[in-house]
1. Test residue 200 against the stated conditions and say whether it is open to solvent by less than 40 Å² (accessible area, probe 1.4 Å) and farther than 14 Å from residue 81 by Cα.
2. When you look at residue 106, is it more than 12 Å from ligand 1 (Cβ to nearest atom) and of a type in the set (Lys, Arg), yes or no?
3. Working only within the stretch 22-45, note down all residues that are within 16 Å of ligand 3 (Cβ to nearest atom) and either open to solvent by 50 Å² or more (accessible area, probe 1.4 Å) or charged (D, E, K, R) (or both).
4. Looking at the stretch 97-124, I want the residues that are of a type in the set (Val, Ile, Thr) and have a partner that is within 16 Å of ligand 4 (Cβ to nearest atom) with Cβ atoms under 7 Å, at least 6 apart or on another chain. Which pairs are those?
5. Within 16 Å of ligand 2 (Cβ to nearest atom) and in a strand (DSSP E or B), is that true of residue 17?
6. How many of the residues in the stretch 244-269 are among the hydrophobic types (A, V, I, L, M, F, W, C), open to solvent by less than 20 Å² (accessible area, probe 1.4 Å) and more than 16 Å from ligand 3 (Cβ to nearest atom)?
7. Within the stretch 58-86, restricting attention to residues that are in a strand (DSSP E or B) and away from ligand 2 (no atom under 16 Å from the Cβ), which residue is surrounded by the fewest Cβ atoms within 10 Å (Cβ to Cβ)?
Amino acid sequence: MHLMNAVNADLHCHSNVSDGTLSPEDVADRAHRNGVELWALTDHDEIGGQQRARQAAAALGMSYLPGVEISVTFAGRTVHIVGLGFDPQDPAMVQGLADTRGGRERRARDMAASLAAAGIPGAFDGALKYVGNPDLISRTHFARYLVEIGVCGDPHEVFKRYLTEGKPGFVEHRWASLSDAVSWVVGAGGVAVIAHPGRYDFTPNEEFVLFTEFKALGGQGVEVVTGSHTVAEYGKYADMAQEFDLLASRGSDFHDPAESHTDLGTLPDLPGRVTPVWEALASRVLHP
Ligand code: AMP
Ligand code: MN
Ligand code: MN
Ligand code: MN
C-alpha cells in the first residue's frame, strides 16, 4: 500500500485555452474548493495556459504539476497521451505541440463543409463563438454550437450523430505519432501517461500492442481512475498498470460545470496496489 495514493490529485482537466469553458484561474479555484491538493491543467495540444495555472495554484496554496494532453494517431485511431511534470519551455515540446495544433483550423473548415452538406450551414463561425484560443478549434466547440441551434439536445448526442467516425461532420485527421508525443514529454523531463484507455474501444490485442509500444518508447504511466472510466475499469487498468509496470494516474477530465459528469477532485482514490504517478514526480511538483 502506498500512503501517497490518498492524495487528492487531479491531473487531467481543461480550461478555455483548449475545449474547457472556464479560465485557468477559475479551474484552479474550483479544484481548490473541491479539495484538490495536487493539480495539473492538461489542455489539448497546448501549454499556453501553464503559467497562469501555476500562478493561480500558488496563490491558492495548491501544489502544481505542468500538464498537457497530446492528440496522437496510433494504428489509425486517435489516442490521447497526457504529459506531466515536464519543462513547459522545452523547445522540442513547444514546437511539437505547435505542429500538432497546426492542422486544426483546416480540419474545422472541412468539418463545417461536411456539416453544411448535411444541411447544417454556418458551423465554422458558429463553433468559433465558443473558442477561447483561435489556435485550438475542437470538435467540442462544434458540439456546443449544434446544441445552441437545437440540432441536438446535448453535446454527447452531437458526437454520436455527427462528430464521430462514419458520421456527416467527421473529418479524418492525422495527429502526432505516439513516438513523437512520448519523446517530447520525456525529453522535457516529464512522465508520459496513456489517457483514459477505456475509451478507445480497442480489442484486447490492440490494447496490448498500444501498452507494449508505449512502454518501449519510454512511456511510464496510465490513467486508472478517470471520469472516463467505469468502476470496473478502475480495476482493469490497475491490473494493467501492475502487469506493464506503469505508474497510475488520476484525473477528472473536467471541461465544464454543466457538461462534465465528473467534477474536479471528486473521484475515488487510486487502488492501493498501484504506484501513483506523483510519487515518481515528487521532485517536479511545484509547491506553493
Ligand atoms: P478533438 O480534439 O477536436 O477531436 O476533440 C476531442 C474532444 O471532444 C475530447 O477531448 C472531448 O472533450 C470531446 N468528446 C469526444 N467524444 C465525446 C463525447 N462522446 N461526448 C462529449 N464530448 C466528447
Ligand atoms: Mn476535450
Ligand atoms: Mn482525452
Ligand atoms: Mn481530456
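1. Numbers: open to solvent by less than 40 Å² (accessible area, probe 1.4 Å): yes; farther than 14 Å from residue 81 by Cα: no.
So residue 200 fails the test.
2. On the way: more than 12 Å from ligand 1 (Cβ to nearest atom): yes; of a type in the set (Lys, Arg): yes.
Judged against the criteria, residue 106 is a match.
3. Result: 43, 45.
4. Close Cβ pairs (under 7 Å, with a partner that is within 16 Å of ligand 4 (Cβ to nearest atom)) amount to 100/45; 100/70; 100/71; 100/175; 100/176.
5. Details: within 16 Å of ligand 2 (Cβ to nearest atom): yes; in a strand (DSSP E or B): no.
It is false that residue 17 is within 16 Å of ligand 2 (Cβ to nearest atom) and in a strand (DSSP E or B).
6. 2
7. So the residue we want is 77.
The values are calculated or read from the model by the stated rules, or taken from the named source; none is laboratory data. What you see is a predicted model; the values in this text were computed from it and never measured. Cβ sites come from the backbone with ideal geometry, for glycine too, and all protein chains shown count toward neighbours. Quick note on the areas: whole protein, heavy atoms, side chains included, nothing else; ligands and nucleic acids left out. Shrake-Rupley method; radii C 1.70, N 1.55, O 1.52, S 1.80 Å.
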